[in-house]
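Here is the structure we will look at, set down as structure tokens.
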Amino acid sequence: MRPIDILNSSSSRSKPNSFSGNGSVSLELPALKRILVATDFSISSAVPLRIATHFACALNASLSVFHVFEYGDAASPSTGGTVEGLEALHEEMQRRLDQLVQSICTGKIRAHAILKDGLPAESILEVIKEGKFDLVVLGTKASRGMERFVFGSTAEAVLRQAPCPVLTVGPSAVPIGESDQAQRPIVFATDFHLATSHVIRRAASLSELFGAPLHCIHVLPPSSSVSDEVPIVSDLQYILRENGVAVERAICSVAHNSKIPDGIVDYARLHEAQMIVLGVRRATMMVSHLPAHITYRIIAESPCAVLTVSM
């Protein structure tokens, strides 16, 4: 099995000290108590906001709604390109952001606005570090065959460089209601690349939090036989046990497709998944100039949000 752009599991035979050893998920994962969601006030950013709000409510976490004010976009003929025009637009963005925050503040949700001047990717990463956020939620307008996100390559830079998990909501993803959450699985996809094991523990902890089934999958080509599947399922079960997750609490399965992204997305669609969990390798911005990447294809086509954990 060759390494791909998904980095999710550890096939190491050594057992980390953080494992609970009793078949339950380790409690040493960082709590998701501070959530940041980025918005550009477009229609497509409404779904990420709803999903971030749902997470904040479920996790009893604070929610920060973030917007980047870009001078390049502001200095247009509509503003006259003047300082006065920039200041007026800046004030308007702050007003819209404050109104947006007020609309989601309830007794269950603690939310506030953050407006920052600068470039989107750099600004988001700075805010993440300054605010010590535990989870970032981003939206994308990407479609099949495209990896250009709502802020250009912002989502790409953030999900690969952020010190915390990033939940990216693609154009086909839809929020789910609380009544559906317990029935709709969290899908963890792996290629068995050597890596740290916190990604599977994160998927398992979210499964436990939402009372949702956990599906662990690996994609094989359509030509694979039943004899090829048996060791794969066994390896998936091994990963669970090594990470302190009871095997009987999860479904370990093989998806068949000649293209790995299609295999993962089709599986998530078939089982009406509420989330796909992936690991991603850290990389520079040069990665955006390479051919289509598996992670971005999955995000662009996924029927649900995709949680990525970089390392």
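Could you give me the residue pairs with C-beta distances under 8 Å whose first residue belongs to region 105-117 and is within 18 Å of Phe41 (Cβ to Cβ) and modelled with pLDDT of 85 or more, whose second residue is open to solvent by 80 Å² or more (accessible area, probe 1.4 Å) and not β-branched (Val, Ile, Thr) wherever it lies, and which are 6+ apart or on separate chains?
Close Cβ pairs satisfying both conditions: Lys116/Glu126; Asp117/Tyr71.
Pull up region 52-65, narrow it to residues that are over 11 Å from Arg34 (Cβ atoms) and in contact with a helix residue (DSSP H, G or I) (Cβ under 6 Å, 6 or more places away or on another chain), then point me to the one that is most open to solvent (accessible area, probe 1.4 Å).
The selected residue is Thr53.
List the pairs whose first member sits in region 216-239 and is of a type outside the set (A, V, I, L, M, F, W, C), whose second member is part of a helix (DSSP H, G or I) and open to solvent by 20 Å² or more (accessible area, probe 1.4 Å), and whose Cβ atoms are under 6 Å apart, counting only residues at least 6 apart or on separate chains?
Gln237/Val247
Within region 236-250, take every residue that is aliphatic (A, V, I, L, M) and surrounded by 16 or more Cβ atoms within 10 Å (Cβ to Cβ) and give me the one that is nearest to Ala273 (Cα to Cα).
Checking each candidate, the answer is Ala250.
Can you tell me which residues in region 251-261 are touching an Asp or Glu at 6+ places or on another chain (Cβ under 8 Å) and of a type outside the set (Val, Ile, Thr)?
If the condition is that a residue be touching an Asp or Glu at 6+ places or on another chain (Cβ under 8 Å) and of a type outside the set (Val, Ile, Thr), then Ala255, Asn257, Pro261 are the ones that fit.
The values are calculated or read from the model by the stated rules, or taken from the named source; none is laboratory data. In this text, all values refer to a predicted model and were calculated from it rather than measured experimentally. Cβ: placed from backbone, ideal geometry, glycine included. Neighbour counts: every protein chain shown. Keep in mind that these areas ignore ligands, DNA and RNA; they rest on the heavy atoms of the full protein, side chains included. Shrake-Rupley method; radii C 1.70, N 1.55, O 1.52, S 1.80 Å.
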